[in-house]
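Report on one structure; see the data block that follows.
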Amino acid sequence: MVIVLLMMTYILCLRAVLLIRERRYRKLSARWTPILLEGGARNPTPLPTVAPGERFLLLILWNTLRERNEQDAGICHWMGRVAAVTKIDCLARRLLRRRSVRKKLLAIVTLGQLRDRLEWARLCQIAQSGHPLLSLAATQAIARIDPAKAAEKVASLIVRHVNWPAAKVASILEDIGPARVSEPLARALLQAPESHWPALIPFLAVCQYSTALPTVRQILREDPVDELIAPCLQVMAKFGDGHDLPLVYRYLTHARWHVRTVAAGCVGKMGRRADQEKLLPLLADPYWWVRYRAAQAIVGLSPQDDQRLRDIQNRLSDRYARDILTQAIAEGLGPGQSGTHLSPTGRMRIGAGR
C-alpha cells in the first residue's frame, strides 16, 4: 500500500509539473508569437526581458515558428536578430554540450537555423557519431550553415548511414543544391559497398542531369544485380532522356516482374507513340501490376486519341489484357502519369498474379 501511494503521489507530481510548464509555455507563446512573426514592424523596442527560466521555452517556440515560416526571408532575418538579442543562440551552444539527447537535438536544430559557424567543428563531430537522430540533425545543420563546404562531407555521411529516412536525406540534398552535391554524391555512391546501392541510387534523382544519367547508365551496362535495376530505371524516367530508351527496352522482358513493371512505366514516361507496340505483350503478363503499368503507359502515349486506343483494344485476344486496358482507359490517365513512383521515397506496392 505504501509503495502504491508513493507511486500515485509521484505520478500526480509529474502531472502537476507538466501542467505548470504548459501554462508557462502558453503565456510565453501569447506574448512572443506576435513579436516574432511581425518582423519587427510593430514590435516594442527594446524587446521584452526574458527570464532565465523562460529562455529554454522561448528556444522551443523560436524553433517552432522558424520552421513554419522557413520561406519568409523577412521573418527569418528578424527572428535571427531576436535570437541574438535574447541570447538564445548562446543557450543553444551550451545545450550542445549537455548529455540530454533532447536538449542536444534542440541545440543542433537551432544552430542550423541560425547558420551559426562557431560550432561547425562540434557539429561535424556529432554528424559522424553513431547516434541516428543526432547524426542526422547535425548533418542537416551543417548543410544549412555552409552548403558548399558541407557537400563532400554530407555525401560521405549519407553513404555511411543508409538507414536514415529517405525523405529527410532528400530534403538535405535539396538544401545543398544539385550543382554542389551532384559530383560528390555520385563519387561516394560508386565507392560505396554494392549492398548500399539500392538505397542510394534513388537520391541521384536530386542530382543534375549531367551527373545522374551517366552514373545510372554505367551501373546498368555492367550487368547489375536485379535489386539495382529498378532504382536506376526510376532515375532515368525522372529525367526522361529519349536516348536511354534502347537501354530501357531490354528490361521489358526481364525475369523479375518488379523490373518489368518499372520498365513499362519508364517507357510510358519517356517513350513515343510507336513504343506502344513494345508494351502490348505486357498486357498479358501473369502479374497484375505489370499489366496495369503497361496499360497506363499505352494510354499515356496516346493522349486524347480514343480511336487508336479502341483499335489496340480490338486487336487483343487475351481477356486479362482487354480488361486491364479498359480499366486504364476508364481512369483516363494523361501523359506523365504512366505509373512509376519517381521520388527518392517512392515504394512499389506488391501486386498479385492473375
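The values are calculated or read from the model by the stated rules, or taken from the named source; none is laboratory data. Every value quoted in this text rests on a predicted model; they were computed, and no experiment measured them. All Cβ positions, glycine included, derive from the backbone under ideal geometry; neighbour counts span all protein chains shown. All accessible areas refer to the heavy atoms of the entire protein, side chains included, with ligands and DNA or RNA removed. Shrake-Rupley method; radii C 1.70, N 1.55, O 1.52, S 1.80 Å.
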In the range 45-71, residue modelled with the lowest pLDDT [restricted to those that are over 19 Å from LEU106 (Cβ atoms) and open to solvent by 70 Å² or more (accessible area, probe 1.4 Å)]: THR45
Considering (1) crowded, with 17+ Cβ neighbours inside 10 Å; (2) of a type outside the set (A, V, I, L, M); (3) within 26 Å of ALA170 (Cβ to Cβ), say which one ASP241 fails and leave the rest. (1)
Taking the range 189-228 and keeping only residues that are within 16 Å of the chain's Cα centre (by Cα) and assigned to a helix (DSSP H, G or I), one is left with PRO198, ALA199, LEU200, ILE201, PRO202, PHE203, LEU204, ALA205, VAL206
LEU59: outside any helix (DSSP H, G or I), in contact (Cβ under 8 Å) with a residue 24 or more places away in the chain and either aliphatic (A, V, I, L, M) or closer than 30 Å to HIS131 by Cα (or both), yes or no? no
Could you go through the range 179-190 and let me know if any residue there is surrounded by fewer than 16 Cβ atoms within 10 Å (Cβ to Cβ) and among the acidic types (Asp, Glu). no
For the range 278-316, give me each residue that is without any contact (Cβ under 8 Å) to a residue 60 or more places away in the chain, open to solvent by 10 Å² or more (accessible area, probe 1.4 Å) and in a loop (DSSP other than H, G, I, E, B). ASP285, LEU301, PRO303, GLN304, ASP305, LEU316
Please verify whether the range 94-104 includes one or more residues that are touching a Lys or Arg at 6+ places or on another chain (Cβ under 7 Å), open to solvent by less than 50 Å² (accessible area, probe 1.4 Å) and assigned to a helix (DSSP H, G or I). yes
Test result for LEU133, open to solvent by 80 Å² or more (accessible area, probe 1.4 Å), in a loop (DSSP other than H, G, I, E, B) and of a type in the set (A, V, I, L, M, F, W, C): no
Search the range 317-354 for residues being crowded, with 17+ Cβ neighbours inside 10 Å and farther than 24 Å from ARG256 by Cα, and hand back the single one that is modelled with the lowest pLDDT. LEU333
Can LEU28 be described as open to solvent by 50 Å² or more (accessible area, probe 1.4 Å), farther than 30 Å from PRO147 by Cβ and either touching a helix residue (DSSP H, G or I) at 6+ places or on another chain (Cβ under 9 Å) or not in a loop (DSSP other than H, G, I, E, B) (or both)? no
Whether any residue in the range 255-275 is surrounded by fewer than 17 Cβ atoms within 10 Å (Cβ to Cβ), under 30 Å from ASP175 (Cβ atoms) and of a type in the set (Gly, Ala, Ser) is what I want to check. no
Going through PRO231, PRO246 one at a time, which residue ends up being farther than 19 Å from SER195 by Cβ, open to solvent by 10 Å² or more (accessible area, probe 1.4 Å) and in a helix (DSSP H, G or I)? PRO246
Being open to solvent by less than 40 Å² (accessible area, probe 1.4 Å) and more than 24 Å from ARG21 (Cα to Cα) is true for just one of ASP116, ASP89. Which residue is that? ASP116
